[in-house]
1. If one takes the longest principal axis of the Cα atoms in the chain, at what angle in degrees, from 0 to 90 and to the nearest 10, does the Cα axis of helix 501-510 lie?
2. Among the GluC sites (Glu not before Pro) in the stretch 423-507, which ones are in a DSSP loop with at most 10 other Cβ atoms within 10 Å of the Cβ? Mind listing them?
3. Rounded to the nearest 0.05, what FRET efficiency do His594 and Leu188 have when you use their Cβ-Cβ distance and R0 = 25 Å?
4. Which shape class applies to the stretch 448-600: rounded if a/c is under 1.5, otherwise prolate when a/b exceeds b/c and oblate if not, where a ≥ b ≥ c are the square roots of the Cα gyration tensor eigenvalues?
5. With a 1.4 Å probe and all protein chains left in place, how much accessible area per residue does the chain have, in Å²?
6. Can you compute the charge dipole magnitude of the chain about its Cα centre, using +1 on each Lys and Arg Cβ and -1 on each Asp and Glu Cβ, nothing else charged? Give it in debye, rounded to the nearest 20.
7. With the crude spin-label approximation of a point 7 Å out along Cα→Cβ, what separation in nm comes out for Glu586 versus Thr11?
8. Separation of the stretch 141-194 and the stretch 281-330 by C-alpha centroid, Å?
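The values are calculated or read from the model by the stated rules, or taken from the named source; none is laboratory data. Quantities reported herein were computed from a predicted structural model and do not represent experimental measurements. We place every Cβ from the backbone using ideal geometry, glycine too, and count neighbours over all the protein chains shown. SASA here: full protein model, heavy atoms, side chains in, ligands and nucleic acids out. Shrake-Rupley method; radii C 1.70, N 1.55, O 1.52, S 1.80 Å.
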Amino acid sequence: MAETMKGLKRTHRCTDLNAANIGETVTVMGWVAKQRNKGGIIFVDLRDRSGILQLIFEEDKCGSEAFAKAEKLRSEFVVAVTGKVCKREGAVNENLKTGEIEVVAEQIRILSEADTPPFPIEENSKTKEEIRLKYRYLDLRRPDLQRNLILRSRICAEVRSFMEQEGFLEIETPILNKSTPEGARDYLVPSRVHPGHFYALPQSPQLFKQLLMCAGYDRYIQIAKCFRDEDLRADRQPEFTQIDMELSFVDEEDVMDVNERLIAHVCEKTVGLKVSLPLPRLSWQEAMDRFGSDKPDTRFGMELVDVSEVVAGCGFGVFTSALESGGSVRGINAKGQADMPRKKIDALVDAAKGNGAKGLAYLSVQEDGSYKSSFAKFMTETELADLVKAMDGQPGDLLLFAADRNKIVWNVLGALRLELGRSLGLIDEDQFNFLWITDFPLLEWSDEENRFMAMHHPFTMPVEEDWQYIDSDPGRVRAKAYDMVLNGVELGGGSVRIHQNDIQEKMFEVLGFSKEDAWERFGFLLSAFKYGVPPHAGLAYGLDRLVMLLVKADSIREVIAFPKVKDASCLMTDAPGTVDQVQLDELEIALNLHDEEAEE
């Protein structure tokens with residue numbers, strides 16, 4: 001039968017103790033990680049969120065009753081133990097913070113017994129993720145996950161501390177909002193009081209933080225919960241957390257400056273990482289041309305090379321037809337990979353097709369200087385030599401080419417570069433490369449919608465000198481937008497906002513909104529702009545992504561306490577679930593579910 005604490009108080013967490021406490025009587029509480037019975041002596045590893053502490057039970061020191069309790073201890077029993085801190089009699093355990101000491105037990109209370117867990121509570125668990133997420137409350141006892149969540153808490157504390165010193169106010173914005181669909185799908189919440197009407201959970205606090213600038217609050221910060229009903233990936237969740245901010249009377253340089261200093265402060269205070277400032281900057285165009293991505297991983301080379309001029313007029317129709325259609329031909333040089341097996345090259349071709357390419361051309365430079373290529377027969381020796389020279393091809397190199405519209409070529413070679421970087425071990429996992437991407441296009445064309453879409457959102461300020469092209473060549477207009485990137489992941493993004501009504505109305509027009517549509521969706525913001533709105537700008541980070549990158553995890557699920565899986569369900573609680581008919585009736589909702597079996 002489990003005991004109570006009976007007024008007993010914990011004096012220390014496990015790893016609060018060290019050699020300075022030798023001789024003290026202490027009380028520690030936690031979970032049994034391991035019990036080893038050596039006959040007349042029992043060793044117990046006690047675990048709490050701080051780490052592991054070794055306890056020793058000797059019958060002549062703790063008494064027969066306490067020794068009998070220690071004998072029945074099993075993994076995950078919860079105990080309270082009082083004893084004396086002693087210098088460890090055996091060899092010092094260099095792997096433990098408490099490796100120099102042990103606690104010789106005098107009293108023990110078993111506060112809770114435990115069934116055998118469905119998997120070992122250990123670091124770097126090899127248990128399937130589905131099992132770990134089903135029993136997430138056990139998974140969260142693992143020391144590596146606990147360190148991740150403790151670091152997450154410290155990062156939030158340092159963000160708040162730094163931003164307070166910079167004059168920011170932490171203000172909460174509503175969770176129940178109006179749906180303004182543009183981009184990802186909203187999560188909808190039906191209203192009982194207003195039948196047939198719905199709230200939307202916020203995809204970001206964007207409109208409200210702009211209204212706070214209208215209201216004169218000058219500098220706003222919020223660690224905000226956000227929601228998006230979209231397909232998930234390793235760095236996506238249906239609910240996620242943003243470090244969200246907005247500033248008045250600033251331009252992009254002011255926002256970038258305070259955020260560089262924020263990131264440098266947080267990294268040094270939480271993980272001891274010194275970030276060199278100012279951060280490097282790349283324009284969007286340069287990032288796409290060099291890396292095929294607007295969130296480039298700059299920890300390794302293998303940059304894209306535009307060979308369009310070199311192959312113009314050559315005999316290879318795939319190259320020339322791409323150029324005639326207004327596209328480009330670009331390549332990457334996989335140094336030293338000329339002998340890559342054909343099977344691996346075919347896999348790269350398949351991957352390229354998966355990213356929208358019709359295929360992938362390749363040329364390997366042999367050690368004797370000859371070429372093996374999928375297209376050599378269509379080009380002269382001189383054309384091939386010029387192409388290899390443009391790619392800085394040396395004997396032993398494998399050259400890979402994509403030819404199509406720029407967008408497809410960038411996607412294909414950008415993804416191929418990352419895949420080769422990982423598979424060939426070119427990436428230094430201990431390196432942290434921060435940089436800014438600037439001068440994004442204001443708009444991007446959507447084939448699905450058959451119209452221009454805002455690359456960021458409809459409230460992003462255009463670059464002044466480009467505004468003259470908004471009617472004649474909208475795709476040419478750049479935005480006053482900026483993203484912070486870390487190791488190939490977009491860490492945060494923001495922009496200077498439009499604060500002039502005429503520019504905002506024109507933006508809505510270009511995006512295909514009628515004046516009535518714009519006022520229907522965003523009327524409360526446009527109305528506020530009539531009463532004196534300051535120039536303002538902002539940025540939001542993905543907190544989950546930041547923590548994931550700093551702890552070198554593969555997924556944000558490793559840094560969120562209770563994450564969802566790829567179909568947006570929770571394996572532990574079985575959410576989402578059905579609800580009672582009574583609840584649906586109160587909301588005046590009737591379900592119109594498709595019978596998939598009948599349709600088949």
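1. 80
2. Sites meeting the loop and neighbour criteria: Glu429, Glu448, Glu449.
3. 0.85
4. It comes out oblate by the Cα gyration axes.
5. 51
6. Magnitude of the dipole: close to 2220 debye.
7. Each label point lies 7 Å from its Cα, and together they span 5.2 nm.
8. About 39 Å separates the Cα centre of the stretch 141-194 from the one of the stretch 281-330.
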